[in-house]
Amino acid sequence: METLGERIKKLRKEKGLTLQTLAGEVLTKGMLSLIENNKAKPSMESLAYIAGQLGVHPNELLEEVPTTELRELLQEVETLYKADLYQPDDFNPIVDKIEPYAEKLPYRYESARLLEIYSRCLYYAKLPDWQPVLERAETMYEGLHLVNNSADVHMFRAMVTFQQHEYAEALKMLQDSRRSFEERDAVIDSLKKLDFDFLEAILYFAVGEDAEALRVLKEGIDYSRERQIYYKINDLYRVMSFHAMLSNDIERKDYYVGKLRLFAEFSEDEIIETTLDLLEAHYLISFVHEYEKAEKIIDINLEKYKDEDNFQFYMEKGKALYGQGKLDEALFWLKKHQIYEHLHHPYDLSMNYEKDAYLALIYEQQGRHDLAVKHAAIAKENIEPMLDLPYKKFILDVYAQITQ
């Protein structure tokens, strides 16, 4: 952090002033040089004069973290935070940048936002004491009447609980948060309302309350249509299409997939197209057993993203090959698959837990019974706490088949 002298020198140079010009007729050039080099302290009168010459308030020079420095830090941190960060160590550079300022931040929006990002990065980096920092951020947001930012803090807490697989508690926390904002007539904007809708819906699905989840999703879609807001439409349609597939409601699945294809074309979003390809391949393999058709879709995407890890496509490729009786090739692709660390929803986890069941089937057909039993048991242990989805029935059937 800058000293008083360093701040004066920096502002002087930014404004293109020489020492003599800034000193004017009140200070000597030598005294100003001593102040800038922290070898002398200005009186309050001198400080007020210097601030006036620089066009800033004296407090701007006296604050431990002046406004300009605070804004520059936030701009730098926001850029780093928006980058692709996946591993815990990826967040350490942001933690290191904010940490020296954390205890000296003034009471303002920039400080609250820095504390929020600092808290989130501490959490993602798996470092302690992120919760008190988040509480400080929330207190500032509330004091400054920044309701939408405060809502973000509430949603983050609920999602942390969700990531601990405490789904019912996460849902309760989110609903209590929404209720608290409504009871005090706090106005959140449309985008934040859609964030709440989407999170509430996926948490309803996580606890098996599908009817409530569909109600909230429909309300979110209707709200988006009425106001022509496309902010969350991708997520809303994607979840609707996936649930329709699980429910074997093919007409509804095709409807929402069609909507998403149009939206992807309109927004020129390749990620949506890739997600839909994965959904279609998964449906063809796990639900209608059209393995060759699915493999063609998978291969197109593996070629398109050949320099990236595509673990979901790896698993679907292995399943498609198994369905065609190509056991050795299937084994190769299934072994390449890993479960992303950020997957926590029962739908995602259940789908990924199929891997060990397929490994068990392959090992059994290869005459490697001990390995088959081992992987069937892993799949069974993973799937037992999950919801009663088609994946659970498949895995338990495989376990029964192998162990009998």
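The values are calculated or read from the model by the stated rules, or taken from the named source; none is laboratory data. Just so you know, these numbers come straight off a predicted model, no measurement behind them. In this analysis, Cβ positions are derived from the backbone assuming ideal geometry, glycine residues included, and neighbour counts consider all displayed protein chains. Quick note on the areas: whole protein, heavy atoms, side chains included, nothing else; ligands and nucleic acids left out. Shrake-Rupley method; radii C 1.70, N 1.55, O 1.52, S 1.80 Å.
Here are GLY30, GLY16: which of them is part of a loop (DSSP other than H, G, I, E, B) and over 30 Å from CYS121 (Cβ atoms)?
Only one candidate qualifies: GLY16.
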List every residue pair whose Cβ atoms lie under 6 Å apart, where the two residues are 6 or more positions apart in sequence or sit on different chains, the first residue falls within the stretch 187-207 and is of a type in the set (A, V, I, L, M), and the second residue, located anywhere, is assigned to a loop (DSSP other than H, G, I, E, B). LEU191/TYR231; LEU194/TYR231; LEU194/LYS232; ALA206/HIS345
Flagged in the stretch 378-404 as among the hydrophobic types (A, V, I, L, M, F, W, C) and either within 27 Å of HIS243 (Cα to Cα) or free of Cβ contacts under 8 Å to residues at least 24 places away in the same chain (or both), in numbering order, are ILE378, ALA379, ILE383, MET386, LEU387, LEU389, PHE394, ILE395, LEU396, VAL398, ALA400
Among the numbered criteria (1) open to solvent by 40 Å² or more (accessible area, probe 1.4 Å); (2) closer than 19 Å to ALA186 by Cβ; (3) in a helix (DSSP H, G or I), which single criterion is violated by LYS172? (2)
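Out of the residues in the stretch 348-372 meeting the condition of being among the charged types (D, E, K, R) and free of Cβ contacts under 8 Å to residues at least 12 places away in the same chain, tell me which one is surrounded by the fewest Cβ atoms within 10 Å (Cβ to Cβ).
For the stretch 348-372, the residue satisfying everything is ASP370.
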Look through the stretch 313-347, keep the residues that are assigned to a helix (DSSP H, G or I) and in contact (Cβ under 8 Å) with a residue 40 or more places away in the chain, and return whichever of them is surrounded by the most Cβ atoms within 10 Å (Cβ to Cβ). GLY318
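From the list LEU22, LEU11, exactly one residue is more than 30 Å from GLN131 (Cα to Cα), within 45 Å of the chain's Cα centre (by Cα) and buried (at least 19 other Cβ atoms within 10 Å of the Cβ). Which is it?
Of the residues listed, the single one that is more than 30 Å from GLN131 (Cα to Cα), within 45 Å of the chain's Cα centre (by Cα) and buried (at least 19 other Cβ atoms within 10 Å of the Cβ) is LEU11.
Quick grid of which residues meet (1) among the basic types (Lys, Arg); (2) at pLDDT below 95; (3) within 16 Å of PRO66 (Cα to Cα):
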{"site": "GLU78", "(1), (2), (3)": "no, no, no"}
{"site": "LEU85", "(1), (2), (3)": "no, yes, no"}
{"site": "ARG108", "(1), (2), (3)": "yes, yes, yes"}
{"site": "ARG113", "(1), (2), (3)": "yes, no, yes"}
{"site": "TRP130", "(1), (2), (3)": "no, no, no"}
Are there any pairs with C-beta distances below 7 angstrom linking a residue in the stretch 246-263 that is open to solvent by 60 Å² or more (accessible area, probe 1.4 Å) to a residue that is at pLDDT 90 or above and not polar (S, T, N, Q), with the two at least 6 apart or on different chains, and if so which? LYS259/TYR237; ARG261/LEU276
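Which residues, taken from the stretch 33-43, are assigned to a helix (DSSP H, G or I), of a type in the set (A, V, I, L, M, F, W, C) and either more than 17 Å from LEU11 (Cα to Cα) or open to solvent by less than 40 Å² (accessible area, probe 1.4 Å) (or both)?
ILE35
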Being part of a helix (DSSP H, G or I), more than 20 Å from TYR358 (Cα to Cα), open to solvent by less than 60 Å² (accessible area, probe 1.4 Å) and at pLDDT 95 or above narrows it down to one of HIS282, HIS243, so name that one. HIS243
